[in-house]
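Readers should treat all values here as calculations from the given coordinates under stated rules, not as data from a laboratory. Bear in mind that the values here come from a model prediction, so they are computed numbers and not experimental data. Positions of Cβ are backbone-derived with ideal geometry, glycine not excepted, and every protein chain shown enters the neighbour counts.
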Amino acid sequence: MHDVLVVGGGNAALCAALMAREAGASVLLLESSPREWRGGNSQHTRNLRCMHDEPQDVLLEAYPEEEFWQDLLKVTGGNTDEKLARLVIRASSTCRPWMRKHGVRFQPSLAGTLHLSRTNAFFMGGGKALVNAYYRSAGNLGVDIRYDATVDRLELQDGRFVAAFCGGERIEARACVLASGGFESNREWLREAWGRNERGEWPADNFLIRGTRFNQGVLLRHMMDQGADIIGDPTQAHCVAIDARAPLYDGGIVTRVDAVSLGIMVNRDARRFYDEGEDFWPKRYAIWGRLVALQAGQIAYCIIDSQAVGRFMPPVFPGVQADTPAQLAAALGLDVPTFVRTVEDYNAACRVGRFDHTVLDDCHTEGLAPAKTHWARPLVKPPFYGYALRPGITFTYLGLKTDDRARVHFGGLPSDNLFVAGEMMAGNVLGKGYTAGVGMSIGTAFGRIAGTQAAKAALHEEVAHAAA
Ligand SMILES: Cc1cc2nc3c(=O)[nH]c(=O)nc-3n(C[C@H](O)[C@H](O)[C@H](O)COP(=O)(O)OP(=O)(O)OC[C@H]3O[C@@H](n4cnc5c(N)ncnc54)[C@H](O)[C@@H]3O)c2cc1C
């Protein structure tokens with residue numbers, strides 16, 4: 001029997017497995033995917049958000065605890081657990097030497113609309129390299145790893161973990177860490193959560209899944225059925241507007257279109273529906289998926305002119321290009337007169353001051369509803385570009401309620417040998433909203449806590465048994 005069983009094979013699971021192993025526990029990690037698809041959503045990531053009080057290697061200036069906390073408070077609208085959020089924030093300032101020790105390398109941030117050079121440490125080679133480094137290190141340390149190993153249920157006794165079932169096999173361990181993601185890959189569950197709208201549509205049928213197909217929420221559902229304490233709203237998720245041509249799963253980062261704040265967004269009726277310049281892109285990009293989900297047909301169009309080109313990360317699919325707004329509308333299949341009026345009204349309302357995409361500048365609209373409050377410049381320079389966008393689900397926030405020791409709770413009481421980390425508990429910190437890079441900060445902090453606590457619980461039990 002292993003001391004610690006880790007369920008999942010992404011960042012949170014790997015952090016837990018490494019910490020448990022470093023603490024002296026024997027560890028078995030079960031990853032649902034085949035080896036070539038290992039690493040869940042973590043393989044698609046690029047960075048993590050880090051608190052720091054002064055410049056640190058790839059991070060510029062300072063990003064103090066209070067500023068990080070205020071950012072989180074703002075994006076979640078207060079729907080967060082301050083104690084757990086601060087724990088994540090503080091842990092983000094000290095985790096990188098440990099990550100380096102396990103082979104993760106960092107690089108300075110890329111330019112573009114993300115404004116992240118101060119706040120986020122980028123992984124050299126992206127999340128794929130991070131995940132590969134962790135697997136390599138785990139292998140070297142003697143963590144047992146099994147692929148194609150989906151855990152479908154647990155055997156529990158009075159809130160204690162006894163065993164996991166994996167394809168009919170019963171696997172016992174002294175302690176267990178659940179890090180098997182949200183339910184974002186499960187289209188049926190998304191459909192059920194989002195329901196039918198007033199237009200008779202099932203919005204979730206038009207969602208694309210940005211990451212792995214393996215986060216089916218099997219264990220989340222099972223834990224709910226077992227009476228584990230739950231947190232979060234099933235419709236709340238990290239949800240980005242992505243290119244409508246993206247594949248159903250695993251399109252990854254390159255399907256994102258980061259030009260929204262540089263232009264306008266219109267819906268299927270060729271009308272604007274939200275302030276594209278409300279705040280910096282890292283604080284707003286994750287609300288646009290939801291905004292598009294609320295539009296008819298769950299589709300919207302990002303429109304820019306040539307002034308925006310070169311100011312955002314180039315998306316993988318080229319935009320539809322035209323010499324005039326009317327031609328662009330025709331090419332996108334939008335009503336031409338309505339679209340032209342939308343662009344003209346917007347252009348006429350722009351009050352251009354000093355355009356600066358790196359600050360909340362004074363370029364805004366006047367007398368237009370909805371307003372564009374920053375970076376508003378008339379769309380006048382051909383060629384014009386349009387991108388059809390759909391909601392791209394990154395990860396869901398419904399999860400297991402936990403505490404500062406990453407313990408799963410039943411009826412308000414913590415389990416003493418069952419722990420949770422990553423997306424499966426991110427809803428404790430993220431009730432709604434998102435700020436770029438915090439997913440990996442949460443997974444790294446709680447993965448490490450869960451691994452340490454699981455090892456402690458397992459080794460304590462071992463000692464107790466030996467003494468008995
Ligand atoms: C395209 C994209 C880009 C992103 N970019 C960033 C970024 O730059 N920074 C950031 O902070 N966050 C980013 N995120 C979010 C980030 O991926 C998550 O917050 C983080 O990876 C969650 O880690 P995790 O280990 O909880 O989940 P995952 O990495 O998804 O791991 C879950 C694992 O569980 C396995 N699994 C699922 N069910 C079972 C089961 N029943 N039995 C066994 N195994 C199971 C899966 O195969 C998978 O390996 C991004 C996400 C996507 C999709």
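Which whole-Hz couplings ³J(HN,Hα) result when phi for each residue of the stretch 31-46 is put into the Karplus expression 6.51 cos²θ - 1.76 cosθ + 1.60, θ = phi - 60°, listed in order with x for Gly and Pro?
Result, rounded to whole Hz: 10, 5, 7, x, 4, 5, 10, 5, x, x, 5, 4, 5, 9, 7, 10.
Need the C-alpha centroid separation for the stretch 253-307 versus the stretch 74-88, integer Å.
Their Cα centres are 26 Å away from one another.
Taking 8 Å as the Cα distance limit and 6 or more residues as the minimum spacing, I'd like the relative contact order of the stretch 238-392 as a percentage.
34
For the residues 425, 265, what sequence is obtained by ranking on other C-beta atoms within 10 Å, fewest first?
Sorted ascending by nearby Cβ count, the order is 265, 425.
Between the DSSP loop rule and a limit of at most 12 other Cβ atoms within 10 Å, which trypsin sites (Lys or Arg not before Pro) in the stretch 107-208 are left?
Answer in residue order: 196, 199.
Taking Rh as the Kirkwood radius, which is the inverse of the mean 1/r over Cα pairs, what is the Rg/Rh value for the chain?
1.01
Please report 240, 177, 336 as a ranked list, fewest other C-beta atoms within 10 angstrom at the top and most at the bottom.
In order of increasing Cβ crowding within 10 Å: 336, 240, 177.
Relative contact order of the stretch 375-468, please, whole-number percent, based on alpha carbon pairs below 8 angstrom and at least 6 residues apart.
Contact order relative to length: 25 percent.
Determine, for 262, 110, the number of other Cβ atoms within 10 Å of each Cβ, and report the residues in order from fewest to most.
110, 262
Which residues does a label at residue 153 reach in the stretch 170-202, if reach means a backbone N under 14 Å from a point 7 Å past the Cα toward the Cβ?
Output list for this probe position: 170-171.
If a helix is a whole DSSP H run, which ones in the chain reach 15 Å or further along their own axis (Cα) and hold a mean Kyte-Doolittle hydropathy of at least -0.5?
Answer set is 11-22, 126-141, 336-349, 438-467.
Report the residues of the stretch 245-272 in range of a label on residue 324: point 7 Å along Cα→C-beta, backbone N strictly under 20 Å from it.
Answer for the stretch 245-272: 270-271.
Considering only the chain, what is the antiparallel percent among its DSSP beta bridges, to the nearest 5?
Bridges in the chain are about 75 percent antiparallel.
As I understand it, the dipole of the stretch 355-461 uses +1 on the Cβ of Lys and Arg and -1 on the Cβ of Asp and Glu, about the Cα centre. Which of 459, 395, 411 lies farthest toward its positive end?
The residue sitting most towards the positive pole is 395.
Under a cut-off of 17 Å between alpha-carbon atoms, report the aspartates and glutamates in cross-link reach of residue 83, not counting same-chain residues fewer than 8 places apart.
Partners found: 65, 66, 67, 71, 403, 404.
What is the distance in Å between the Cα centroid of the stretch 416-464 and that of the stretch 326-401?
After rounding, the separation between the Cα centres reads 39 Å.
Where the centroid of each part is defined by its Cα atoms, how far is the stretch 218-235 from the stretch 1-64 in Å?
23
Does the stretch 238-392 come out rounded, prolate or oblate by the C-alpha gyration tensor, with a ≥ b ≥ c the root eigenvalues, rounded set by a/c under 1.5 and, if not, prolate when a/b is larger than b/c and oblate if not?
rounded
Given contacts defined as C-alpha pairs under 8 Å and at least six residues apart, what's the relative contact order of the chain, whole-number percent?
Averaging sequence separation for qualifying contacts and normalising by length gives 24 percent for the chain.
Could you point to the residue in 347, 306, 238 farthest towards the positive end of the stretch 238-392's charge dipole, with +1 and -1 charges on the Cβ of Lys/Arg and Asp/Glu respectively?
My answer, from the dipole projection, is 238.
If the limit is 20 Å between Cα atoms, which of 74/283; 283/381; 128/401; 101/401; 283/372 go over it?
Flagged as over cut-off: 283/381; 128/401; 101/401.
Once a ≥ b ≥ c are taken as the square roots of the eigenvalues of the Cα gyration tensor of the stretch 244-299, is the result rounded (a/c under 1.5), prolate (a/b larger than b/c) or oblate (a/b not larger than b/c)?
Verdict is oblate for the stretch 244-299.
Which far-off residues, 5 or more places away or on another chain, put their amide H under 5 Å from the one on residue 376, with H placed in the peptide plane?
Residues meeting the amide H criterion: 363, 364.
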